[in-house]
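Just below is one structure, and these are the notes that go with it.
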Amino acid sequence: MPTLDALVLHALQLGASDLHLEPGLPATLRIQGQLRPGEQSLSAHELEGMVRGLLRDEAWDRLLLRRSADLSLNIAGVRCRINVMFSQRGLGIALRLLHPFTATIESLNLHPDVGRLISRPHGLVVVSGPTGSGKSSTIAALVEELNRSRSLHVITIEEPIEINFRPRRCLIRQREVGRDTPSFHQGLMDALREDPDVLVVGEVRDAETIRLALTAAETGHLVITTLHAGTCAEAIARIIQSFAPEVQPAITASLAESLVGVLTQRLAPRADLGTRLPECELLLANDAVRGTIRGGTLNRLNNVLQTHAAEGMWSFERWHRWQESREKYFLRQRDAAREPLPEDAAAPAALPATPSPAPARPAAAPAPAVRAPATRAPAPSPAPRPARAATRTDDGVWDLDGSGEDLASILKELG
């Protein structure tokens with residue numbers, strides 16, 4: 001019978017982001033956004049034993065009452081975010097592997113303009129996107145930027161805590177919903193009496209939590225939060241529409257006044273790099289944005305993104321062109337997740353990710369802006385590979401410079 005430790009280590013070795021366990025079905029991994037089932041099925045008895053090994057007696061009783069449970073634990077040396085749930089087949093587990101590294105704007109391959117979201121001392125910052133799009137990592141990068149550059153009191157309210165921050169210049173207190181506070185709403189109410197400069201709210205899920213976040217932003221705090229939305233306009237609309245129609249005008253005015261910016265992101269697979277890169281839409285509040293929000297003409301925000309690019313705003317299309325024109329990418333080495341970083345570690349060296357099978361790009365997609373010379377020698381692999389190659393510079397960045405070396409050969413040489 002496979003143990004949960006063995007399953008997590010196997011998922012780590014294959015570069016998976018998620019592990020799904022369901023009675024009567026094989027363990028399923030999500031690798032580069034694609035689900036890949038294994039071969040051996042797990043029984044309901046085996047899964048119940050795994051869950052009982054994760055939960056204490058009181059937590060098991062709450063699971064039986066609520067029919068689900070959220071927790072974060074270290075399994076086989078890997079930090080994991082875990083949801084346990086009952087389904088038609090019995091007890092199942094959805095587990096996300098949280099690879100330990102210091103998230104920064106650079107290491108996440110985000111444009112430096114993203115740092116403008118934390119340039120103001122107070123206001124509301126919203127990071128939106130679908131599940132699994134890297135919102136938590138982006139927020140961690142913003143907090144780490146504050147931690148290295150300013151002396152602030154930061155309080156986070158998370159469910160569960162995914163990334164443990166080491167205070168540098170900031171005093172950082174991390175509170176977990178269910179363990180340290182009963183809800184996001186209560187955690188926010190408490191935080192307003194705890195002298196914070198920055199509040200990080202894992203997710204705003206209801207009108208009262210949103211109202212408290214707006215109040216905190218208006219009263220001199222920088223509030224960073226997430227929600228699920230596909231565009232910046234949708235994110236703003238979701239905030240407003242969370243309230244009853246009779247109070248929406250007041251909420252709209254408050255949001256227009258307190259908003260700092262919205263970042264919407266998604267992850268796009270790159271077969272040539274063996275990873276996924278963020279594609280973002282970045283909206284920064286200025287007079288045009290505030291007027292559009294107050295006027296209720298959110299459909300015009302896309303035009304604002306286009307016409308105010310010089311102020312640091314980005315549409316998805318423009319971001320995609322910038323990403324394709326880059327020559328240097330930060331690619332994390334998945335094997336590094338087995339060992340924790342030293343406490344005083346800076347941003348991790350950018351190492352090559354192990355390539356994993358991924359669907360090829362459609363033929364209609366635009367060709368990458370950086371190409372290898374047409375006269376270079378073919379790659380030694382028998383299968384055709386992308387025209388780009390990777391070399392490593394002194395600072396640990398892997399550079400797609402068209403030198404002619406095959407990425408798989410370099411990885412093999414490195415061992």
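None of the figures in this text is laboratory data; all of them are computed from the coordinates on show. All values derive from a computational prediction rather than experimental measurement. Glycine also receives a Cβ, built like all others from the backbone with ideal geometry; neighbour counts cover every protein chain displayed.
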**OP:** Describe numerically, in nm with one decimal, the distance between label points set 7 Å from Cα along Cα→Cβ at SER183 and at TRP322.
**Re:** 3.9 nm
Original post:
Mind ordering 30-43, 82-95 by average Cβ neighbours within 10 Å, highest first?
Top reply: 82-95, 30-43
**OP:** Express the relative contact order of the range 112-194 as a whole percentage, based on alpha carbon pairs under 8 Å and six or more residues apart in sequence.
**Re:** 21 percent
Original post:
In nm, to one decimal, how far is the THR131 label point from the HIS45 one, both placed 7 Å along Cα→Cβ?
Top reply: 3.1 nm
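Percent relative contact order of the range 112-325, based on C-alpha pairs within less than 8 angstrom and at least six residues apart?
Working: 377 pairs, mean separation 50.3, N = 214.
Computed value for the range 112-325: 23 percent relative contact order.
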Original post:
Given the Cα-Cα distance of GLU246 and ASP195 and 0.36 nm per residue of separation, how much length would full extension add, in nm?
Top reply: 15.1 nm
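Using DSSP, restrict attention to beta bridges with both residues in the range 112-325 and report what percent are antiparallel, rounded to the nearest 5.
In the range 112-325, DSSP labels about 30 percent of beta bridges as antiparallel.
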Original post:
What length, rounded to one decimal in nm, is gained on full extension from GLU311 through to ALA6, with 0.36 nm per residue of separation minus their alpha-carbon distance?
Top reply: 104.9 nm
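Figure the gain on full extension for LEU35 and ARG66 (residue separation times 0.36 nm, minus the Cα-Cα span) and round it to one decimal in nm. Can you show the working numbers first?
On the way: separation 31, 0.36 × 31 = 11.16 nm, distance 2.77 nm.
8.4 nm is the gain from fully extending LEU35 to ARG66.
Just to confirm a number: summing +1 for Lys and Arg and -1 for Asp and Glu over residues other than ALA310 whose beta-carbon lies under 12 angstrom from that of ALA310, what do you get? Working shown, then result.
On the way: positive: ARG318; negative: ASP113, GLU311.
Net charge in that neighbourhood comes out at -1.
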Original post:
Taking Cα centroids, how far is the range 190-228 from the range 1-64 in Å?
Top reply: 34 Å
